[in-house]
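Below is one structure, written out as structure tokens, with a few remarks after it.
The values are calculated or read from the model by the stated rules, or taken from the named source; none is laboratory data. All values reported here derive from a predicted model rather than from experimental measurement. Note that we place each Cβ from the backbone using ideal geometry, even for glycine, and neighbour counts take in every protein chain shown.
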Amino acid sequence: MKNFDVIVIGGGLGGLTAGAKLAREGKKVLLIEQHTVPGGCATTFKRKGFLVEAGLHEMDGLDPQDPKMEIFRELGVFDHVQFIEVPELYRFTHGRTDIVIPAKSEEAIKVLVRQFPDEEKGIRKYFRTIMAIRSEANRLPVEKWKLRLQMPLFPLLYPHLSVATNKTSALLFPLFPLLHPDMLFGEYSTIGGFVERIIRDEELKMILLANFGYYHDDPYSLSLIYYSMAQASYYSGGGHFIKGGSQELSNYLAGYIKSHGGTIMLGTLVTKILTAEGKAMGVLCRKTRGHQGDEQKLFADTIVANAAIPNVEAMLPEKERALLQKKTAGFKPSCCVLNLYLGFKREVSALGNRAYVTFVYNEQERTLKDIVATLHGDFTQRGFTFVDYSQIDSGLSPKGKSFGSLCTIDYLSDWEGLDEEAYRAKKELVAQTFIKKLEKLIPGISEEIEYYELGTAKTVQRYTLNPGGSIYGYAQLPEQSGILHRPSNSSPVKNLYFASAWANPGGGFTGAILSGWFCAREILRK
């Protein structure tokens, strides 16, 4: 017995976007979320008078080339959610260098060329390439079959994207490198490899790629295409914060689903995906809080999984599970992020801090490769990012006070094998370690801390159910990135679709939103 047209498993931004689009098109949508609020990583929570932003530093783009513009306009987001442009892309400080990178590409080029005049050619090539890759990627067809039809002419249609695919273009079109001398092939398919090719100065490499942790934990295995699409989006449209926190966007999308005839079930966990004759046709779910009662069966024509793909595999019957695992075998998950949430007695900007986002690396790290190595070492050696929300009208703190967030790359392995007492003790030790680091950056700031709380990979796994706390889904390696490599929005199991960071196009707020949109369009097309 069919209850709904579409059941969405999970209320992260991918599931919310897919659900909103499908509800708008007249589908009867049920969205089931295991947490007590929708949003996944796009949530806020209250602590001692502060509104704690769980994940959002800044959202890229919102310029004419940004595909989110179409999505937000169609769903009425701009009429109900306020986006505040942040003042710069980031500040980089490293002991030897302290530089602020503007959010617009031409201004950033001027600043960088002034600092590194001997590297002007490489700087301009870096910006020219990432901007061109973004432009070409936005022209790619969403459907795989259309893209495959274009493959014989791919290097001519998308010359800069050919930088980051493989050597096929060069082999099929031997004159192509002569026609496009800026193009690089194969071995430069990662952003780290690309920058190594065009930049000599080690300090400049670190500055250009200071925020690589927004996408992955290693620039030398980070897809040049994925990096370029996101980074060029920042340089085109700047970064934006959602006033009142990312929960505002999540709440709006959930409300949109309900206002268009849909249903939201919070505090409810999907335990199984029901199938018949190889087709997904329903779910088994139960309450996660209070009186749980019996498991409930609900049925629909279409199932959308906003849940992590490894979790979806565990929900499926054996036959369908094997079918999906055949497609995802060998895929590597991403890293996680550790967050130290900080509530301050007054505005941090009054202490002389001059940037919204600051990337701080250790002075002994002389190369980009040194930075990557320290991320797998002790927390005392890891660099960090500090977000000072007092630089904008964030809506996160009481008047006269301010909120900040300090983060670094994290792994579940850093927290495994600890009992509860040892886990709490290590959390406190790590929190104090980074407070000391922050004090060195902004003298006097430790005396202004009114509240602090540490969220680890274990915390992320607990609240989002992402295995290992992998917030970006599958890592954005070249072989796991892009429409031809990453799990598509339609699964090998009939009537089962994906809308999450684990599927096309990938992680981050923008990646999850686009995944939900692509998923909904695929369902509507079929």
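Picking from 513, 523, which residue would you name as being modelled with pLDDT of 95 or more, of a type in the set (Val, Ile, Thr) and crowded, with 24+ Cβ neighbours inside 10 Å? Let's see the steps before the verdict.
Details: 523 fails: crowded, with 24+ Cβ neighbours inside 10 Å.
Every option except 513 fails the conditions.
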- Query: Taking the range 375-413 on its own, how many of its residues are in contact (Cβ under 8 Å) with a residue 60 or more places away in the chain and not in a strand (DSSP E or B)?
  - Reply: 13
- Message: Going residue by residue through the range 17-40, is there one that turns out to be among the hydrophobic types (A, V, I, L, M, F, W, C) and assigned to a loop (DSSP other than H, G, I, E, B)?
- Response: yes
- Note on the structure: (1) at pLDDT 95 or above; (2) touching a strand residue (DSSP E or B) at 6+ places or on another chain (Cβ under 8 Å); (3) buried (at least 22 other Cβ atoms within 10 Å of the Cβ) all hold for residue 232 apart from (2)
- Query: What's the number of the condition residue 124 fails, among (1) at positive phi; (2) of a type outside the set (Asp, Glu); (3) not assigned by TED's automatic domain parsing to the domain that holds residue 257?
  - Reply: (1)
- Query: Of all residues in the range 397-418, which are out of contact with any Gly (no Cβ under 6 Å at 6 or more places or on another chain) and among the aliphatic types (A, V, I, L, M)?
  - Reply: 406, 418
- Message: Quick check on this structure: which one of 357, 337 is hydrophobic (A, V, I, L, M, F, W, C), at pLDDT 95 or above, under 30 Å from residue 478 (Cβ atoms) and in contact with a Phe, Trp or Tyr (Cβ under 8 Å, 6 or more places away or on another chain)?
- Response: 357
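So if I check each of 32, 109, 99, 9, which one is farther than 26 Å from residue 228 by Cβ and more than 21 Å from the chain's Cα centre (by Cα)?
32
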- Task: Restricting attention to strands (runs of 3 or more DSSP E) lying wholly within the range 249-326, give those where 3 or more residues are closer than 18 Å to residue 516 by Cα.
- Result: 296-305
- Message: Which of the numbered conditions does residue 468 fail, given that it passes all the others? Conditions: (1) part of a helix (DSSP H, G or I); (2) in contact (Cβ under 8 Å) with a residue 24 or more places away in the chain; (3) touching a helix residue (DSSP H, G or I) at 6+ places or on another chain (Cβ under 8 Å); (4) farther than 29 Å from residue 248 by Cα.
- Response: (4)
